[in-house]
Structure formats: structure tokens, C-alpha cells
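Here's the structure we're looking at; comments come further down.
The values are calculated or read from the model by the stated rules, or taken from the named source; none is laboratory data. If you're wondering where the values come from, they're calculated on a predicted model, not measured in any experiment. Note: ideal-geometry Cβ built from the backbone for every residue, glycine included; neighbour counts use all protein chains shown. Protein only, heavy atoms only, side chains kept; ligands, DNA and RNA dropped before computing areas. Shrake-Rupley method; radii C 1.70, N 1.55, O 1.52, S 1.80 Å.
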Amino acid sequence: MIDLPFSEFRHRVLVSRERVKFADSDPYGHLASGRYVDMIMSHRVEALEDLLGFSIMKSAGSVVAFPARNVELSYLRPAFVGETLEVGSWVEELGTSSFEVRAIVSGANDRKARAIARVFFVTVDARGKPVSVPDTLPSSSSVNALPRQPLLVEYAAAISGLPDGWIATAPR
């Protein structure tokens with residue numbers, strides 16, 4: 001087991017893929033609007049564990065939890081049943097007791113952005129009381145895989161249709 005420095009999550013993109021299912025669509029075959037939020041939130045939980053060995057569920061029960069305080073989502077173009085989407089997310093800003101995660105949902109094949117999101121998380125203890133953002137996150141992995149994840153500037157350069165300024169703060 002190792003500890004992952006929380007500050008190193010800034011602008012390191014975690015990536016996962018998901019296929020648009022019929023059950024998640026509207027009558028026209030478009031991915032339903034609320035499903036984007038579900039997809040992004042599930043992505044964060046699963047990518048952190050699958051790629052980095054950090055379990056949000058284990059952490060929430062013992063040390064610190066990260067509830068979302070606010071979600072802002074902008075739809076850019078539709079996604080359709082059968083299409084494979086890619087979700088990329090990163091920590092944009094790191095505060096003392098909160099942090100902002102940004103996410104891009106794009107077509108896995110055409111690399112066109114379908115939606116972008118800003119999710120504002122707060123840090124609380126097991127009783128729900130505000131606490132500081134931890135310096136590190138415990139990982140079940142034996143190595144820190146965070147440096148192997150793409151940098152935001154590289155990842156976003158391959159995505160078309162992003163609004164101007166969406167990645168303006170990313171270091172190179």
C-alpha cells in the first residue's frame with residue numbers, strides 16, 4: 001500500500017469508457033440528460049479505484065468522504081444509443097476543504113466533446129463535519145500510477161469542440 005499525494009491529482013486525467021445503453025436514452029435514441037451526471041460520478045469512483053487503487057467507499061466509512069456540493073453540466077452535442085463514450089476527469093482546483101473536478105464526455109472514436117462538467121466536492125469526516133482536504137489518499141497499489149495518467153493539456157488537445165478557455169489554466 002502507498003499514499004497518493006492529493007496535490008498530484010491536479011491536471012492528471014483519469015479516463016474510462018462506457019457504451020450508451022438503450023435504457024439510458026430518450027425516445028429518440030439520445031443519451032438522457034440526467035445520465036451524463038450519473039456517468040461522470042460513477043466514472044470518478046470507478047477510475048480512482050481501477051487506475052489508482054483508491055477506494056472512495058472504504059475511505060468514506062473510516063477517514064474522509066467527498067460529497068458533491070454542486071454540479072454544473074453543459075451539453076455540447078448529443079450522444080446516441082450504441083455509441084462508446086469516453087469520460088476524462090481531473091482535479092482543477094484544490095482548496096483547503098473543497099476541490100473542483102472537471103470532466104469531459106466525448107465520443108471515443110470521433111473525439112468530439114458531448115458534454116463538459118464542473119463538480120464541486122467538499123471534504124467531511126465520518127460524522128459529516130467539514131475537514132481539510134487530506135494531503136494524501138491511501139492506495140491499495142504498490143506503485144503510484146498517477147504519473148502514468150495523461151496530462152490535461154495533452155488529453156484535451158485531442159478533443160474537438162471544447163469551449164474556449166475550458167483548459168486555459170492547465171500547466172504544460
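Here are the numbers:
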| read-out | value |
| --- | --- |
| Of the criteria (1) open to solvent by less than 20 Å² (accessible area, probe 1.4 Å); (2) within 20 Å of residue 152 (Cβ to Cβ), which one residue 112 fails | (1) |
| Members of region 118-132 found to be within 17 Å of the chain's Cα centre (by Cα) and either surrounded by fewer than 11 Cβ atoms within 10 Å (Cβ to Cβ) or not charged (D, E, K, R) (or both), listed by number | 119, 120, 121, 122, 123 |
| Hits in region 73-96 (condition: out of contact with any Phe, Trp or Tyr (no Cβ under 8 Å at 6 or more places or on another chain), open to solvent by 50 Å² or more (accessible area, probe 1.4 Å) and either within 30 Å of residue 129 (Cβ to Cβ) or part of a loop (DSSP other than H, G, I, E, B) (or both)) | 76, 77, 78, 96 |
| Region 57-70: number of residues that are surrounded by fewer than 16 Cβ atoms within 10 Å (Cβ to Cβ) and in contact with a helix residue (DSSP H, G or I) (Cβ under 8 Å, 6 or more places away or on another chain) | 2 |
| Pairs with Cβ under 7 Å, 6+ apart, first in region 1-29 and without any contact (Cβ under 8 Å) to a residue 60 or more places away in the chain, second of a type in the set (Phe, Trp, Tyr) | 29/80 |
